[in-house]
Amino acid sequence: MMKNSVAMLAVCMLAQSHLAIAAGAPAPQEINIVLLGTKGGPSLLNTSRLPQATALTIGDKIWLIDAGYGASLQLVKNGIPLRNINTILLTHLHSDHILDYPSLLMNAWASGLKDHTIQVYGPPGTQAMTKASWKVFDRDITLRMEEEGKPDPRNLVKATDIGQGVIYKDELVTISALKVPHSPFPDGEAFAYRFDTQGKRIVFSGDTSWFPPLATFAQGADILVHEAVHVPSVAKLANSIGNGKTLAEAIASHHTTIEDVGKIAREAHVKKLVLSHLVPATVADEVWQQEVMKNYPGPVIVGHDNMTISVP
């Protein structure tokens, strides 16, 4: 009888300790990547893919990585309220990554942004661009503040020019930036971003040429979202736009070939590779898959606009 009582007491104490641990630990937040725009380059040759923009959601927190043309509409289409965006991360200041940035700020304000500040992180020039955006809309802002009683949006957005290293950290996430080469930008004006959250690692390459240190930065990532260029198809794309040879050479040298993307993913031992910022955007999924799998044996997703990828 005594043994049974002691055993029962031990079970109860163990159960209570587990409950206490569970109560003290925050519940894991659902993590999703939403591909808003998956083409590379500023041209709009069709509507099947829009320029670069990606949302990362962790629970009710929203991070936007780049804001290419159409980002505002794509966010709304995917049920992500603009006024709820917490943070915007700009990889670099090419137009296909920032064309919707000014309108995104204004649309967030127009749709009810008032209770929190949107934090914006980007390369040198981000602060200046943000200030210039407010100047463009100065008259509209003044009139709406006077007539509609809206708060001053310039007090609701804080832009920061960053360098390499940890750029943000709280109890939920640590965000780190890595300088990547993206000519003709000088060193320190293009970045990859890494999110470490809840034991998961998600990495966004940004625009970059072949860069082995990225494999170290992305080591063990659950998901690596990487840009890619298909060199044989670039010349045809360039000729359709104009200035063909020069443009083709620039595109090929400023980005990572699909074969080299596979090498980076393999060296980083990433669990899943997602291809985005595709150049040209018209290359068939099977071609991207075949080329990248020459060097990377893991699972590959060829990104498409409005695709949601869950991080398990």
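The values are calculated or read from the model by the stated rules, or taken from the named source; none is laboratory data. This is a predicted model, so every value here is computed, not measured. Here the Cβ positions follow ideal geometry from the backbone for every residue, glycine too, while neighbour counts run over all protein chains shown.
Some observations on this one:
- Candidate set from the stretch 152-172 (those that are among the basic types (K, R) and assigned to a strand (DSSP E or B)); member that is surrounded by the fewest Cβ atoms within 10 Å (Cβ to Cβ): K169
- Total residues in the stretch 264-282, condition modelled with pLDDT of 95 or more, out of contact with any Pro (no Cβ under 8 Å at 6 or more places or on another chain) and not small (G, A, S): 6
- Flag for A177 being part of a helix (DSSP H, G or I), modelled with pLDDT of 95 or more and among the small types (G, A, S): no
- Scanning the stretch 91-145 for residues that are free of Cβ contacts under 8 Å to residues at least 40 places away in the same chain and outside any helix (DSSP H, G or I) turns up S111, G112, D115, F137.
- Which listed residue is at pLDDT 95 or above, touching a strand residue (DSSP E or B) at 6+ places or on another chain (Cβ under 9 Å) and within 17 Å of D161 (Cα to Cα), from D66, D96, D100: D66
- Residue satisfying all of: in the stretch 185-226; among the polar types (S, T, N, Q) and not in a loop (DSSP other than H, G, I, E, B); surrounded by the fewest Cβ atoms within 10 Å (Cβ to Cβ) among these: T216
- Among the conditions (1) in contact with a Lys or Arg (Cβ under 6 Å, 6 or more places away or on another chain); (2) assigned to a helix (DSSP H, G or I), the only one that S253 does not satisfy is (1).
- The conditions of being out of contact with any strand residue (DSSP E or B) (no Cβ under 8 Å at 6 or more places or on another chain), modelled with pLDDT of 90 or more and more than 17 Å from Q219 (Cα to Cα) are met by E259.
- Selection over the stretch 59-90 of residues that are in a helix (DSSP H, G or I) and charged (D, E, K, R) gives a count of 2.
- If you check L64, L45 for being touching a residue at least 60 places away in the same chain (Cβ under 8 Å) and among the aliphatic types (A, V, I, L, M), only one passes: L45.
- Where a residue in the stretch 268-283 is over 21 Å from A55 (Cβ atoms) and its partner, wherever it lies, is part of a strand (DSSP E or B) and among the basic types (K, R), with Cβ under 8 Å and at least six apart: V279/K39
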